[in-house]
Amino acid sequence: MLTAILTGFSFSVLLIFLGRFVKGKFSLLPSLLPLGLFIYFAQFIGEISQGKTIVRNYEWIPSFGVNLSFTLDGLSLLFSLMITGIGFLVFAYTSAYLKTHKFLDRFYGYLSAFMAAMLGLVLSDNVISLFVFWELTSISSFFLIGFNNTNEASRKSALTALGITGIGGLLLLAGAIVLGSISGTYSIAEMMQDPSVITGSEYYILAVALIFGAAFTKSAQFPFHFWLPGAMKAPTPVSTYLHSATMVKAGIYLLLRLTPVLGGEAFWNTSLIIVGGITMLYSAVHTIFRTDLKGILAYSTISALGILVFLIGLGTEASLLAAAVFILVHALYKATLFLITGAIDLGTKTRDVTQLRGLRRVMLPVAIAGVLAALSNAGIPSSIGFIGKDLIYEGTLHFENSVVLLTALALITNVFISYAGYVAGIKPFFGKLPEEFKETKYPDFFIWFPPVLLASLGILFGLFPGLIEGALIKPIVSSLNLPTEEIHLKFWHGFTPILALSALTIGSGVAMYFLLKPSKKLENFINSLEVISPKNILEQFNNVFERFSSLWTNTFQNGYLRNYVSTIIVFLVALVSWVLLQNTTYKIDYASFSKLTIYEGIVVGIMFFAIIFTVFTKSRLAAVAAMGVMGYSICLLFVFYSAPDLAMTQFAIDTLTVILFVLVLYRLPKYLSLSDYKNRIRDGILSIAFGGLISILALEVLAQPVNEEISEFYAKNSYIEAHGKNVVNVILVDFRGADTMVEISVLAIAAIGVFGLLKLRLKSTERGQR
Amino acid sequence: MKTIILRTASNYLLPILLLFSIFILLRGHYLPGGGFVGGLIASIAFVLHAFANGLKDTKKLLKFHPGYLMPAGLALSFLSGLLPVVGFDEPFMTGLWLHHPLPVIGSIGTALFFDIGVYLVVQGVTLTIIFTISESA
Amino acid sequence: MELLLAIMTGVLYAAGLYMILRRSLVKLIIGLIIISNGANLLIFLLGRITKGHPPIIPEDAKMFSEIYADPVPQALILTAIVISFGLQSFAIILVKRAYKVVNTDDIDKMNATDEEV
């Protein structure tokens, strides 16, 4: 199973090298990947429908309890099949849709990376690895939304989407960690064994709130919904795949997956009902104000996601069953509607519903798909949408309180959604074909076939619900720890209140379709209300934040090296001297110090004057010479204090440094003193404080006893184990040989750097620009 | 700085200094010295020669760019560390020794080859730096 | 003597920092060199200084019989000295190149990012 996930990523990497083949006549080839994966997952249907769960475990960071454990049960199977199945159609569709696009290979790369991440998300049993895949879907969707990266609006939408879903991802991580520390495990399966540990914990509310944050942002719930309409800037295959069928359902998946663990509590249910209810109504009403086909579909998608959250919130067996069915229903018809939108856009170059008419004459198969999807969307009997809608009403009707309110809410939402479906799926195809669309090219096979296939599946499953009942729906319900005996998906229930509600929905939808025409006036009206929308508020917040951060940056990262260094040193001196003031005894043990002899005194004196001279001289050459004197005095100090190796090295290096300076000296800038008097005094005080601090620290350390363990080890074993008598050299080449190895590599890198900097010719644009 | 005295002297000094640097390198295990110092002395020898005779002559004498000493030395050091892993199934950088010390050099072991690698790298680095700088200065 | 060395270390650090805080590029490099010398001296001093007993085992013995200077700081400093040479030469060349490109010795004039150019 890990392989199945990794193939997507590795394919994506592979495309970097093989991209140009894909751009040519083999553009259909990448769709074999999702097809293969679809077949792979489909072969599990048998086992899963018998109630089995397939678990694969790979250790990742066992010490933290983070494993790559993958579980395939009913819920993840449905999602895997949707991801790979719709993925296959989208891949094939893309091959025709973006046929001549310059970056088709990139697109496939992002798409397959996304598919892999999404598969990982729904298969992960470990919440931490789930988080990792969650973030990967956000990132890959960022690239997909911003695919037309020359378009500013597209870049902005991508950033908004990444921001919102990214924040959600962080909340998920926090939530996962809270869950993990409450229950002591990161495995969802293990949490499910004893949910009372979590529901009874005092941190339950916190954990649930964090998970909600993640799910609501990802699944575009109010008030985080606004990134989804923006994300419609992406090419249509992306909208189909990510923003209707798979990624936005990740939040739904998370909620469903955690229902057995976290559900059943009042906080869980009420919040979900409220948020889901607001979202579904708010965006359902929003659909009538839109004229862009994709905009309409985006809002009706948000509304559908709201319904799903709402159903999960109801939390009864009937409502969870409804949610499970509705996920599939929605994926089938909404993907179809998006795909036909793409076909229309490709053919007529517009997505404006006020202009589109009569297209059935030029793209008949697309029109058929559109009508079928609209029927399924509206819940006309014989479509799977009918079953879905039935179950939704059954869920609301069998809830313990506020039946009327909830049912009314669902009813209104469904009416608006079915209206949106008619507008998107039927309106563009009927009526008189305008002149300008007469020349529209007949769509490619891979443009019309995927929507037709998806729409027909919707009808097929509607007529024969038994096809999916045992194979897909029952396992989902059982993976939520609920009984499955009562489930019978039926095409015909007889005359019940539910049927009446369905009829009412369809009727009102149709009525609305004829009474209400999408128009620019309505759209302008709603746009004028944008000021108080969550999106605008967030943007304002962003602006303030950006201004603050640039202020902050300009204050501290001002590009003046001196200021950086001074700031660091000031803080260092202040902090260390504060600690020193509190803890120091200032006892200097003069007795333990060695005596000062005359020649030592002279050497130190020379060194002192050399340093002073280096600092204050006005001549470069004099400074270099004085620096040499300083180096040689240090070299003498090494000689005095039993470090012959150091003395030799210091001597050689000092010679070389002076040679180096002399070689480049006259190529270097003149030795100017640029700072003014005040600055010099300020820097001088800071430097003396810093030097004094170092001296005091050194004396403090000298007053402490030495730990000679390490030195003794080396001294003892130098000859016995390493056959050498010069302990310093033995440490370098034997005991710590690996360190030396790295050090000489660093040296080599420095030399290559020098070589490169000098041999590299300056470009004419770089030379003497200022 | 192309005086006759310096030029003549440097011609004799170069081999002597090089010999001295190798001497320093080899005795490093028992007495002060070793790869780092040895390499530095050798490069000073070449730099001196370059000062006296011009860089061109020194380069001619060297026959190849000193930069090649770096990979050679790195490879030698690395291989001497790798030998115990490949040949004797011991951890990386384990010291291996011949049982009987040779005259003059003393015991021969992987550490000696490691030190020779260091010697080459240090020499390559300093010469590369000084040569490129004096070429472009 | 240790007292004197501790003070010298402080002087080295102070001088190095002062040079780094100057606006001239060459002074910056000299400051770096002085500070790295100071660091070497500090490590050397903190490893305790011993007179006249280098960490070399006498010819006829297999182990030290009397006191010896601590070899560990010496090994550390030895590589530090050589590496600082690499660093210095790299810094010098960087300065030279920066000087060529930007045509100024004043570090304060090098505070623009690429975008602002």
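The values are calculated or read from the model by the stated rules, or taken from the named source; none is laboratory data. Since this is a predicted model, take the numbers as computed values, not measurements. Every residue, glycine as well, gets a Cβ built from its backbone with ideal geometry; the counts of neighbours run over all protein chains shown. The protein model used for the area step is the full one, side chains on, heavy atoms only, and it has no ligands, DNA or RNA in it. Shrake-Rupley method; radii C 1.70, N 1.55, O 1.52, S 1.80 Å.
So here's what we get for this one:
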item	result
Flagged links, alpha-carbon separation over 24 Å, of A:294/A:349; A:99/A:349; A:249/A:349; A:595/A:725	A:249/A:349; A:595/A:725
In Å², nearest 10: area of residue C:53 left accessible to a 1.4 Å probe	50
Spatial extent of segment A:616-656: Rg and Dmax, with the Cα atoms as the point set, Å	11.6, 36
Segment C:1-58-segment A:439-517 distance, computed between alpha-carbon centres (Å)	81
Probe 1.4 Å - accessible area at residue C:22, Å² to nearest ten	10
Interface burial for C against A (accessible surface, 1.4 Å probe, total of both chains, Å², rounded to 100)	9000
Residue order for A:53, A:505, A:160 - accessible surface, 1.4 angstrom probe, largest first	A:53, A:160, A:505
Rg(Cα)/(2.2 N^0.38 Å) for segment A:180-270, N = residue count	1.26
Partner lysines for residue A:678 [C-alpha distance under 19 Å; skip if fewer than 8 residues away on the same chain]	A:618, C:27
Distance from segment A:230-285 to segment A:298-318 (C-alpha centre basis), Å	7
Computed P(r) (all Cα pairs; the protein assembly as shown; 10 Å bins; percent)	2, 9, 15, 15, 12, 11, 12, 11, 8, 3, 1, 0
Cβ-Cβ FRET estimate between residue A:50 and residue B:82, R0 fixed at 51 Å, reported to 0.05	0.40
Chain C, Cα convex hull volume normalised per residue, Å³	121
Cα gyration tensor category, rounded, prolate or oblate, for segment A:561-716 with a/c compared to 1.5	oblate
Per residue solvent-accessible surface (Å²) - the protein assembly as shown, probe of 1.4 Å	43
Accessible carbon and sulfur surface of the protein assembly as shown relative to its total accessible area, %, 1.4 Å	67
Sites excluded, GluC sites (Glu not before Pro) in DSSP loops with at most 11 other C-beta within 10 Å, longest stretch of chain A	A:487-770
Backbone N under 17 Å from the residue A:745 label point (7 Å along Cα→Cβ), restricted to segment C:50-92	C:83
For segment A:284-518, diffusion coefficient by Stokes-Einstein and Kirkwood Rh (Cα), 4 °C, 1.567 mPa s, µm²/s	72
For residue A:334, solvent-accessible area (1.4 Å; no DNA, RNA or ligand), Å²	0
Segment C:33-101: trypsin sites (Lys or Arg not before Pro) in DSSP coil with no more than 12 other Cβ atoms inside 10 Å	C:62
Greater than 30 Å apart at Cα, pairs in A:156/A:441; A:102/A:334; A:102/A:156; B:60/C:96	A:156/A:441
Accessible area that becomes buried as A packs against B, both chains, 1.4 Å probe, Å², nearest 100	3500
Charge dipole (debye, nearest 20) of segment A:284-518; +1 at Cβ of Lys and Arg, -1 at Cβ of Asp and Glu	860
Chain A: relative contact order in percent, alpha carbon pairs under 8 Å with at least 6 residues between	10
Whole-angstrom gap from segment A:114-181 to segment A:188-205, using each part's C-alpha centre	25
Kirkwood Rh (inverse of mean 1/r, distinct Cα pairs), segment A:216-346, angstrom	14.6
If the convex hull is drawn through the Cα atoms of segment A:1-99, its volume per residue in Å³	108
Over chain A: helical MRE at 222 nm, DSSP H runs n ≥ 4 each giving -39500 (n - 2.57), nearest 500	-23500 deg cm²/dmol
Cα-based Rg of segment B:4-136 normalised by 2.2 N^0.38 Å, two decimals	1.18
Residue order for A:427, A:349, B:59 - accessible surface, 1.4 angstrom probe, largest first	A:349, B:59, A:427
Solvent-accessible surface ranking, highest first, for A:727, C:72 at 1.4 angstrom	C:72, A:727
